[in-house]
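What follows is a single structure, written as structure tokens, with notes after it.
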Amino acid sequence: MELTPDETIIFALRGIAITATVVNTWVIMALLTGVSVLVTRNLRPDVPPNRWRTALEVIVNGIVGQIAEISERRDPRVLYFVGTLFLFIVTANLLTVVPGFDTPTASLSTTAALALSVLVAVPIFGVGSRGIGGYLRSYIEPSFVMLPFNIIGEFSRGISLAIRLYGNIMSGAVIGAILLGVAPFFFPVVMDMLGLLTGVIQAYIFAILATVYISSATATPPVLDASETKEDTQ
Amino acid sequence: MTDLSIIAAISIFTAGLTVSFGALGPALGEGRAASSALSAIAQQPDAAATISRTLFVSLAMIESTAIYCFVVAMILLFANPFWNTALAAVTQGG
């Protein structure tokens, strides 16, 4: 039984094996980019919005709203990063229903790369908002004793992000394959529907956790403003 | 018993054990989380959207421990490194 699409080699490019993971990642990237380019081609105020543009606006507004609920600081770069992650993962997970398409998120390489990008983005956002000293100081809070635990926590976050996404998607594929051998007519369809739900939820969770990690790294101590306290009491 | 059959038997037994214990803990945890979320929604129906969103995120985080166990079981069954090493040693020796 194949546990990952890494073992399916599509073609070899100068001795480097190009696996199904790489090819399908590029397919998804081309799909997302192509659809976005096609929809936003006539993005002018005098052109009335059509249904594709409205759909895209609904998606983007939904992501903006979800991010605004989590992080207090409005930073459009968080939207670009997390929104891209979410759209990529959700497209990859939903394309599992296409027969013959090995989704790249069922490979540990893809999910590890995504988790690694989150792991790199967190210090970049943290340093960008607090400065190097301010970001490094967050490792020795609340006390110096917590330094090794904070460092371990940073890495275990990345590992758990990667394994969580990989395990969920891979388990859906494996359970589908096992049920095909046991009860081939009806049950695999039901489990595939469950897999669709799990895929969307896992994409949502990946994006939410990335937002939470980034906003916890960029969080500045709350400044009690006179106008803010006034609003709170109202 | 040969080395190969001992490795196979222990791997299969351990895979079952891993999944059983890995299902036990998260099932209890998810049950507690869901029941507290339901009582919270019953007390404050207005906050149902926030509660259910948080519930989904926390359920998936609890579930990920079960998924880790599942991944370990799958590795034991289908990608066992000890099995491959033992198999290579047997085919070379025999």
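Pick from A:42, A:168, A:93: which is most flexible by mean-square fluctuation in a GNM of chain A where alpha carbon atoms under 10 Å apart are linked? Taking springs between Cα atoms under 10 Å, the residue moving most is A:42. In order along region A:35-45, phi translates into HN-Hα couplings of 4, 5, 5, 4, 6, 8, 5, 9, 8, 10, x Hz, rounded to whole numbers, per the Karplus curve 6.51 cos²θ - 1.76 cosθ + 1.60 with θ = phi - 60° and x for Gly and Pro.
Skip the ligands, DNA and RNA, and give the accessible area per residue of region B:1-83 with a 1.4 Å probe, whole Å². Working shown, then result.
On the way: 5100 Å² over 83 residues.
Heavy-atom accessible area per residue stands at 61 Å².
Seen against the Cα atoms of chain B and their longest principal axis, helix B:3-43 is set at about 0 degrees. Per residue of chain A, the DSSP helices (runs of n ≥ 4 H) give a summed -39500 (n - 2.57) that works out to -25000 deg cm²/dmol at 222 nm. Using C-alpha pairs below 8 Å separated by at least 6 residues, the relative contact order for region A:1-72 is 16 percent. Expressed as a whole percent, the accessible surface of region A:1-113 that belongs to carbon and sulfur atoms is 66, based on a 1.4 Å probe.
Pairs of Cα atoms under 8 Å, at least six residues apart: use those to get the relative contact order of chain A, whole percent. Write down the numbers at each step before the final one.
Details: 198 pairs, mean separation 60.1, N = 234.
The value is 26 percent.
How large a share of the accessible area of chain B, in percent, is made up of carbon and sulfur atoms when the probe is 1.4 Å and the other protein chains stay in place? Present the calculation step by step, with values, prior to reporting the outcome.
Values: 4350 of 5980 Å².
Heavy-atom surface of chain B belonging to carbon and sulfur, 1.4 Å probe: 73 percent.
Between chains B and A, what is the buried accessible area in Å², counting both sides, with a 1.4 Å probe and ligands, DNA and RNA left out, to the nearest 100? Result for this pair: about 1500 Å² buried.
Please tell me the relative contact order of region A:31-109 in percent, rounded to the nearest whole number, where contacts are Cα pairs under 8 Å and at least six residues apart. Mind showing how you got there, number by number?
Numbers: 21 pairs, mean separation 14.6, N = 79.
In percent, rounded to a whole number, it is 18.
Legend: residues in region B:35-69 shielded by at least 10 square angstrom of accessible surface upon adding the remaining protein chains to the isolated chain (1.4 Å probe, heavy atoms) are B:53, B:56, B:57, B:60, B:61, B:63, B:64, B:67, B:68.
Taking the Cβ of residue B:22 as the centre, find all other residues whose Cβ is under 13 Å away and add up their charges (Lys, Arg: +1; Asp, Glu: -1).
Details: positive: none; negative: B:30, B:63.
Its environment carries a net charge of -2.
This model, with +1 at the C-beta of Lys and Arg and -1 at the C-beta of Asp and Glu, gives the protein assembly as shown a dipole about its Cα centre of some 500 debye. Annotation: for a label point projected 7 angstrom from Cα along Cα→Cβ of residue A:116, residues of region A:4-38 with backbone N closer than 15 Å are A:22. Inter-label distance, residue A:38 to residue A:74: 3.3 nm, where each label sits 7 Å from its Cα along the C-beta direction. Solvent-accessible area per residue in region A:91-205 equals 51 Å², computed with a 1.4 angstrom probe and all protein chains kept.
Residues of region A:172-203 that bury at least 30 Å² of accessible area once all protein chains are present, compared with their chain alone (1.4 Å probe, heavy atoms only, ligands and nucleic acids left out), are A:201. Between residue A:19 and A:10, the built amide H atoms are under 5 Å apart, and every one of these is 5 or more places off in sequence or on another chain.
Remark: spin-label model distance residue B:20-residue A:57 equals 5.8 nm, labels positioned 7 Å along the Cα→Cβ axis. Measuring nothing but protein heavy atoms, the accessible surface of region A:121-217 at 1.4 Å probe radius is 80 percent carbon and sulfur.
The values are calculated or read from the model by the stated rules, or taken from the named source; none is laboratory data. Values in this document were obtained by computation on a predicted structure and should not be read as measured data. Here Cβ is always computed from backbone atoms with ideal geometry, including for glycine, and neighbour counts include all displayed protein chains. The accessibility values were calculated without ligands, DNA or RNA, using every heavy atom of the protein model including side chains. Shrake-Rupley method; radii C 1.70, N 1.55, O 1.52, S 1.80 Å.
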